[in-house]
Amino acid sequence: MEYLGYFLLGLGLNLTPCVYPMITITLSLFRGSEAHTSWRAFGRAVLYVLGIAVMFTSVGIFAAFTGDFFGGLLQNSWVLLAIGLFIIALSLSMFGLYTFRPPSWLVPQHRVSHVNLFSYFLSGLFVGIVAAPCMGPVVLALLTHVSQERNIVFGAGSFLMLALGLGSPYLVLGTFSGLLKKLPKSGAWLVWFERLLAVALFSFGCFYLIIAFRWPIVPWIVPIAFTLGGIYLGWFERSAHASKKFLVFKRVAGVLITAAGVMMMTGIVSFRSPAGLVWEDYRPGILEEAAASEQPVVLDFYADWCIPCHELEQFTYSDPGVIETLGRFRKIKVDATSADSAETLDAIRRFGVFGVPTIVFLDEKGREVKTLRMNGYVSPSQFVRAIRGSILKKYAEGP
């Protein structure tokens with residue numbers, strides 16, 4: 001039953017906004033293939049999903065073996081830059097600026113052979129690498145669990161089921177793409193929907209570029225994407241010349257999407273409070289200083305490229321209840337954006353952190369309260385309730 005739960009978790013990850021744009025890559029890969037039967041298309045999709053499964057199973061085995069910090073490779077700015085440019089290139093193809101044709105070694109074109117069938121596996125493996133940093137708190141929690149178990153079979157099995165859940169929708173998409181030529185030609189709505197996916201994919205690529213250069217505008221990516229994307233999809237996209245009804249639909253959809261973006265921008269401005277928590281930067285010896293003064297500590301591991309980290313800062317750490325609760329705590333942040341300094345790596349290994357955001361609490365003696373560790377975004381009410389229900393509640397009740 002535990003493995004079934006991991007499968008369902010993987011299936012649910014397809015609904016996250018960071019994973020969803022990967023579907024468009026799958027569509028572009030399978031669209032150019034000439035599958036003569038549904039079974040052949042299904043077989044190719046199986047190889048594609050197998051690549052994803054191998055990627056994540058390897059991560060599970062690696063975590064069980066070493067317990068190293070998850071996503072170390074993807075903390076490299078050059079890797080993030082390359083991924084961002086690649087995804088933007090795909091989105092420009094979907095915008096209709098050019099026809100994207102993957103290299104022949106990556107996607108088979110006509111005749112089926114052992115070599116080009118293997119390229120579907122490689123494609124799935126690559127998509128697994130690209131999607132890896134977007135799996136969110138589910139994967140981070142599973143990585144933590146696997147590293148604590150130190151069981152290779154459990155690590156491989158857990159991530160295999162997670163990958164199969166993540167990849168199962170691709171089997172349907174792969175089979176369906178093999179039947180596309182047998183279906184009637186779609187109208188302007190399909191072109192418009194492709195442009196909608198292009199906007200999402202372009203925004204996703206911009207996200208990687210922004211975190212590669214460490215620009216402090218990550219919280220603005222989604223609202224800007226909604227605002228500019230709504231304007232483009234409603235007024236500048238040209239797929240509905242002959243259909244007045246669809247033109248009306250475009251206008252309405254554009255207004256709604258743009259309005260959503262403006263509302264999100266308003267929310268960001270209103271939630272930005274200058275009276276939020278004041279944090280200290282982590283440095284060697286700072287935890288020992290806190291323990292010597294018998295002061296409890298909240299240790300926040302974060303990264304510039306981490307969206308939940310920005311959500312914590314924007315919504316949770318600006319909440320008056322959270323600010324009051326942490327009033328007697330020493331508040332320290334560990335910047336794991338690149339994790340290339342000896343001090344950061346020491347903190348990561350010392351506390352066994354496998355992803356961000358991770359929030360660690362230490363008592364007045366400098367010992368971690370393991371039951372209070374938090375991974376991923378935590379709402380203000382959950383945050384306060386957890387602390388007030390722990391052994392540190394005496395420090396959360398005010399002076």
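The values are calculated or read from the model by the stated rules, or taken from the named source; none is laboratory data. The structure displayed is predicted, hence computed values, not measured ones. Because the Cβ atoms are built from the backbone with ideal geometry, glycine has one as well, and the counts that use them run over all protein chains shown.
Against the condition at pLDDT below 75, surrounded by fewer than 18 Cβ atoms within 10 Å (Cβ to Cβ) and over 24 Å from M374 (Cβ atoms), how does S168 come out, does it pass? Lay out the reasoning, then the answer.
Details: at pLDDT below 75: no; surrounded by fewer than 18 Cβ atoms within 10 Å (Cβ to Cβ): yes; over 24 Å from M374 (Cβ atoms): yes.
No, not satisfied.
Just wondering, is there one or more residues in the range 338-347 that are within 30 Å of V222 (Cα to Cα), assigned by TED's automatic domain parsing to the domain that holds L372 and more than 19 Å from the chain's Cα centre (by Cα)? Let's see the steps before the verdict.
Narrowing the range 338-347 to residues within 30 Å of V222 (Cα to Cα): 338-340, 344.
Okay, now just the ones that are also assigned by TED's automatic domain parsing to the domain that holds L372, so 338-340, 344.
From what is left, the residues that are more than 19 Å from the chain's Cα centre (by Cα) are 340, 344.
There is at least one residue in the range 338-347 that is within 30 Å of V222 (Cα to Cα), assigned by TED's automatic domain parsing to the domain that holds L372 and more than 19 Å from the chain's Cα centre (by Cα).
Tally time: how many residues in the range 347-362 are part of a loop (DSSP other than H, G, I, E, B) and within 20 Å of Y317 (Cα to Cα)? Spell out how you get there, then give the answer.
If we filter the range 347-362 for residues that are part of a loop (DSSP other than H, G, I, E, B), which is where we start, we get 352-357.
Then drop every residue that is not within 20 Å of Y317 (Cα to Cα), which leaves 355-357.
Count: 3.
Residue check, S381 against (1) in contact with a strand residue (DSSP E or B) (Cβ under 6 Å, 6 or more places away or on another chain); (2) exposed (fewer than 14 other Cβ atoms within 10 Å of the Cβ); (3) hydroxyl-bearing (S, T, Y), all met but one. Which one?
(1)
Those residues that are hydrophobic (A, V, I, L, M, F, W, C) and at pLDDT below 80, I need them from the range 213-254; list them, please.
Of the range 213-254, the ones hydrophobic (A, V, I, L, M, F, W, C) are 213, 215, 217-218, 220-222, 224-226, 228, 231, 233, 235-236, 240, 242, 246-249, 252-253.
W215, I217, V218, A240, A242, listed by residue number.
What tally of residues in the range 363-396 results from selecting those that are touching a residue at least 40 places away in the same chain (Cβ under 8 Å) and touching a Leu at 6+ places or on another chain (Cβ under 8 Å)? Please lay out each step first, then the result.
Filtering the range 363-396 for residues touching a residue at least 40 places away in the same chain (Cβ under 8 Å) gives 363-366, 375-381, 383-384, 387-388, 392, 395-396.
From what is left, the residues that are touching a Leu at 6+ places or on another chain (Cβ under 8 Å) are 363, 366, 375-378, 387, 392, 396.
Count: 9.
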